Amino acid sequence: MHELDDWELVARTRAGDVDAFAVLVRRYQGPVISFCWRMLGSTQDAEDVAQECFVRLHRHIHRLEPRARFSTVLFGIARNLALNYLRDARRRGRDTAAHLNETVVVPESGDRPDQQARLKEIESALEQALAALSTDHREVLVLREFQGLDYESIAKVLGCRVGTVRSRLHRARLELRDALKGMLASEGISD
(Lines give C-alpha, C1' and ligand atoms only; values in the text may rest on other atoms or scores of the structure.)
Protein backbone atom coordinates (compact mmCIF):
# COMPACT_ATOMS: atom_id res chain seq x y z
CA MET A 1 0.00 0.00 0.00
CA HIS A 2 3.00 2.32 0.44
CA GLU A 3 3.35 2.62 -3.35
CA LEU A 4 -0.11 4.13 -3.72
CA ASP A 5 -0.28 7.82 -4.44
CA ASP A 6 -1.91 10.14 -1.91
CA TRP A 7 -5.19 10.56 -3.76
CA GLU A 8 -5.54 6.79 -4.16
CA LEU A 9 -5.13 6.51 -0.39
CA VAL A 10 -7.82 9.16 0.06
CA ALA A 11 -10.17 7.16 -2.17
CA ARG A 12 -9.48 4.00 -0.18
CA THR A 13 -10.07 5.87 3.09
CA ARG A 14 -13.44 7.06 1.77
CA ALA A 15 -14.26 3.43 1.04
CA GLY A 16 -13.59 2.55 4.68
CA ASP A 17 -9.96 1.38 4.51
CA VAL A 18 -8.52 2.42 7.88
CA ASP A 19 -5.03 1.28 6.88
CA ALA A 20 -5.01 3.71 3.93
CA PHE A 21 -5.57 6.65 6.27
CA ALA A 22 -2.83 5.36 8.58
CA VAL A 23 -0.42 5.40 5.62
CA LEU A 24 -1.32 9.04 4.92
CA VAL A 25 -0.72 9.94 8.56
CA ARG A 26 2.66 8.15 8.64
CA ARG A 27 3.64 9.77 5.35
CA TYR A 28 2.85 13.33 6.44
CA GLN A 29 2.99 13.37 10.23
CA GLY A 30 6.64 14.48 10.39
CA PRO A 31 6.37 17.27 7.81
CA VAL A 32 3.12 18.60 9.31
CA ILE A 33 4.55 18.63 12.85
CA SER A 34 7.71 20.31 11.54
CA PHE A 35 5.66 22.99 9.77
CA CYS A 36 3.53 23.58 12.87
CA TRP A 37 6.58 23.72 15.13
CA ARG A 38 8.20 26.36 12.98
CA MET A 39 4.97 28.34 12.96
CA LEU A 40 4.22 27.98 16.69
CA GLY A 41 7.60 27.53 18.36
CA SER A 42 6.46 24.76 20.71
CA THR A 43 6.75 21.03 20.23
CA GLN A 44 3.66 20.32 22.33
CA ASP A 45 1.56 22.93 20.52
CA ALA A 46 2.83 21.70 17.15
CA GLU A 47 1.88 18.11 17.97
CA ASP A 48 -1.56 19.22 19.18
CA VAL A 49 -2.23 21.28 16.04
CA ALA A 50 -0.90 18.50 13.78
CA GLN A 51 -3.19 16.00 15.50
CA GLU A 52 -6.15 18.32 14.98
CA CYS A 53 -5.09 18.66 11.33
CA PHE A 54 -5.36 14.90 10.81
CA VAL A 55 -8.63 14.73 12.74
CA ARG A 56 -10.10 17.41 10.45
CA LEU A 57 -8.68 15.68 7.41
CA HIS A 58 -10.39 12.44 8.39
CA ARG A 59 -13.64 14.17 9.30
CA HIS A 60 -13.86 15.97 5.95
CA ILE A 61 -12.11 13.47 3.68
CA HIS A 62 -15.32 12.91 1.71
CA ARG A 63 -15.18 16.57 0.58
CA LEU A 64 -11.63 16.49 -0.79
CA GLU A 65 -11.15 16.67 -4.53
CA PRO A 66 -7.85 16.03 -6.31
CA ARG A 67 -7.63 19.54 -7.80
CA ALA A 68 -4.16 20.07 -6.33
CA ARG A 69 -1.45 17.93 -4.81
CA PHE A 70 -2.59 16.29 -1.60
CA SER A 71 0.27 17.90 0.33
CA THR A 72 -1.00 21.32 -0.75
CA VAL A 73 -4.43 20.55 0.69
CA LEU A 74 -2.97 19.12 3.90
CA PHE A 75 -0.61 22.05 4.50
CA GLY A 76 -3.54 24.38 3.85
CA ILE A 77 -5.41 22.73 6.72
CA ALA A 78 -2.31 22.85 8.94
CA ARG A 79 -1.73 26.51 8.10
CA ASN A 80 -5.29 27.51 8.97
CA LEU A 81 -5.13 25.67 12.27
CA ALA A 82 -1.73 27.18 13.14
CA LEU A 83 -2.96 30.69 12.33
CA ASN A 84 -6.07 30.12 14.45
CA TYR A 85 -3.86 28.91 17.28
CA LEU A 86 -1.61 31.98 17.03
CA ARG A 87 -4.62 34.30 16.98
CA ASP A 88 -6.17 32.59 20.00
CA ALA A 89 -2.83 32.62 21.87
CA ARG A 90 -2.54 36.38 21.31
CA ARG A 91 -6.07 36.86 22.64
CA ARG A 92 -5.15 34.92 25.77
CA GLY A 93 -1.98 36.98 26.12
CA ARG A 94 0.26 33.97 25.60
CA ASP A 95 3.58 34.57 23.89
CA THR A 96 4.12 31.71 21.43
CA ALA A 97 7.75 32.75 20.94
CA ALA A 98 8.44 31.93 24.60
CA HIS A 99 9.06 28.29 23.65
CA LEU A 100 12.09 29.11 21.56
CA ASN A 101 14.39 27.95 24.29
CA GLU A 102 13.32 24.37 23.60
CA THR A 103 16.20 22.21 22.57
CA VAL A 104 16.97 22.28 18.88
CA VAL A 105 17.79 18.76 17.76
CA VAL A 106 20.93 18.65 15.67
CA PRO A 107 21.83 15.36 14.01
CA GLU A 108 24.99 13.84 15.40
CA SER A 109 27.92 13.88 13.07
CA GLY A 110 31.58 13.01 13.13
CA ASP A 111 32.41 16.69 13.71
CA ARG A 112 34.48 17.83 16.64
CA PRO A 113 32.60 18.98 19.75
CA ASP A 114 33.41 22.64 19.04
CA GLN A 115 31.93 22.29 15.54
CA GLN A 116 28.82 20.61 16.93
CA ALA A 117 28.41 23.40 19.50
CA ARG A 118 28.77 26.04 16.79
CA LEU A 119 26.19 24.26 14.63
CA LYS A 120 23.75 24.16 17.57
CA GLU A 121 24.25 27.90 18.16
CA ILE A 122 23.59 28.65 14.49
CA GLU A 123 20.48 26.43 14.42
CA SER A 124 19.17 28.07 17.58
CA ALA A 125 19.74 31.52 16.06
CA LEU A 126 17.96 30.40 12.88
CA GLU A 127 14.90 29.24 14.82
CA GLN A 128 14.82 32.46 16.86
CA ALA A 129 15.15 34.60 13.72
CA LEU A 130 12.44 32.56 12.01
CA ALA A 131 10.10 33.03 14.97
CA ALA A 132 10.72 36.78 14.88
CA LEU A 133 9.41 37.05 11.30
CA SER A 134 5.85 38.14 10.64
CA THR A 135 3.41 35.25 10.22
CA ASP A 136 3.11 35.95 6.47
CA HIS A 137 6.86 35.79 5.99
CA ARG A 138 7.42 32.84 8.33
CA GLU A 139 4.76 30.66 6.69
CA VAL A 140 5.97 31.27 3.14
CA LEU A 141 9.59 30.62 4.14
CA VAL A 142 8.73 27.42 6.03
CA LEU A 143 6.59 26.08 3.18
CA ARG A 144 9.32 26.77 0.61
CA GLU A 145 12.59 26.10 2.41
CA PHE A 146 11.63 23.50 5.00
CA GLN A 147 8.72 21.71 3.29
CA GLY A 148 9.97 22.08 -0.29
CA LEU A 149 6.67 23.23 -1.82
CA ASP A 150 6.87 24.95 -5.19
CA TYR A 151 5.59 28.52 -5.68
CA GLU A 152 2.29 27.43 -7.18
CA SER A 153 1.54 25.01 -4.34
CA ILE A 154 2.40 27.69 -1.78
CA ALA A 155 0.07 30.11 -3.58
CA LYS A 156 -2.73 27.55 -3.30
CA VAL A 157 -2.04 26.91 0.38
CA LEU A 158 -1.99 30.65 1.14
CA GLY A 159 -4.82 31.56 -1.23
CA CYS A 160 -2.82 34.21 -3.06
CA ARG A 161 -1.04 34.74 -6.38
CA VAL A 162 2.34 33.27 -7.29
CA GLY A 163 3.74 36.80 -7.58
CA THR A 164 2.71 37.47 -3.99
CA VAL A 165 4.49 34.29 -2.91
CA ARG A 166 7.67 35.39 -4.71
CA SER A 167 7.49 38.84 -3.16
CA ARG A 168 6.85 37.58 0.37
CA LEU A 169 9.57 34.97 0.01
CA HIS A 170 12.09 37.57 -1.15
CA ARG A 171 11.25 39.90 1.75
CA ALA A 172 11.25 37.01 4.21
CA ARG A 173 14.71 35.89 3.12
CA LEU A 174 16.07 39.42 3.45
CA GLU A 175 14.47 39.84 6.87
CA LEU A 176 15.77 36.45 8.02
CA ARG A 177 19.27 37.20 6.74
CA ASP A 178 19.38 40.53 8.55
CA ALA A 179 18.05 39.03 11.78
CA LEU A 180 20.57 36.19 11.63
CA LYS A 181 23.48 38.54 10.99
CA GLY A 182 22.49 40.58 14.01
CA MET A 183 22.01 37.56 16.27
CA LEU A 184 25.18 35.80 15.22
CA ALA A 185 27.24 38.99 15.49
CA SER A 186 25.92 39.67 18.99
CA GLU A 187 26.93 36.14 19.99
CA GLY A 188 30.39 36.55 18.46
CA ILE A 189 29.74 34.07 15.66
CA SER A 190 30.97 35.21 12.27
CA ASP A 191 29.83 33.99 8.86
Legend entry - So residue 33, is it more than 21 Å from residue 152 (Cα to Cα), buried (at least 17 other Cβ atoms within 10 Å of the Cβ) and of a type outside the set (Gly, Ala, Ser): yes
Inset, instruction - Confirm whether residue 138 is free of Cβ contacts under 8 Å to residues at least 24 places away in the same chain and either charged (D, E, K, R) or in contact with a Lys or Arg (Cβ under 8 Å, 6 or more places away or on another chain) (or both). - result: no
Inset, instruction - Return the pairs, sorted by first residue and then second, in which the second residue is open to solvent by less than 90 Å² (accessible area, probe 1.4 Å) and not hydrophobic (A, V, I, L, M, F, W, C), the first residue lies in region 2-23 and is under 16 Å from residue 64 (Cα atoms) and touching a residue at least 40 places away in the same chain (Cβ under 8 Å), the beta carbons are less than 6 Å apart, and the residues are 6+ apart or on different chains. - result: 7/66; 21/13
Legend entry - Verdict on residue 49 being part of a helix (DSSP H, G or I) and without any contact (Cβ under 8 Å) to a residue 24 or more places away in the chain: no
Inset, instruction - Consider residue 50 carefully, then state whether it is open to solvent by less than 30 Å² (accessible area, probe 1.4 Å), within 14 Å of the chain's Cα centre (by Cα) and at pLDDT 95 or above. - result: yes
Inset, instruction - Looking at (1) closer than 16 Å to residue 71 by Cβ; (2) hydroxyl-bearing (Ser, Thr, Tyr); (3) modelled with pLDDT under 95, find the lone condition where residue 28 falls short. - result: (3)
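Residues checked against (1) open to solvent by 50 Å² or more (accessible area, probe 1.4 Å); (2) over 16 Å from the mean Cα position of the chain (by Cα); (3) at pLDDT 60 or above:
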residue	(1), (2), (3)
79	no, no, yes
84	yes, no, yes
87	yes, yes, yes
93	yes, yes, yes
98	yes, yes, no
102	yes, yes, no
113	yes, yes, yes
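The values are calculated or read from the model by the stated rules, or taken from the named source; none is laboratory data. Just so it is clear, the structure is predicted and the values come from calculations on it, not from any experiment. In this analysis, Cβ positions are derived from the backbone assuming ideal geometry, glycine residues included, and neighbour counts consider all displayed protein chains. We work out accessible area using only protein heavy atoms, side chains counted, and drop any ligands, DNA or RNA first. Shrake-Rupley method; radii C 1.70, N 1.55, O 1.52, S 1.80 Å.
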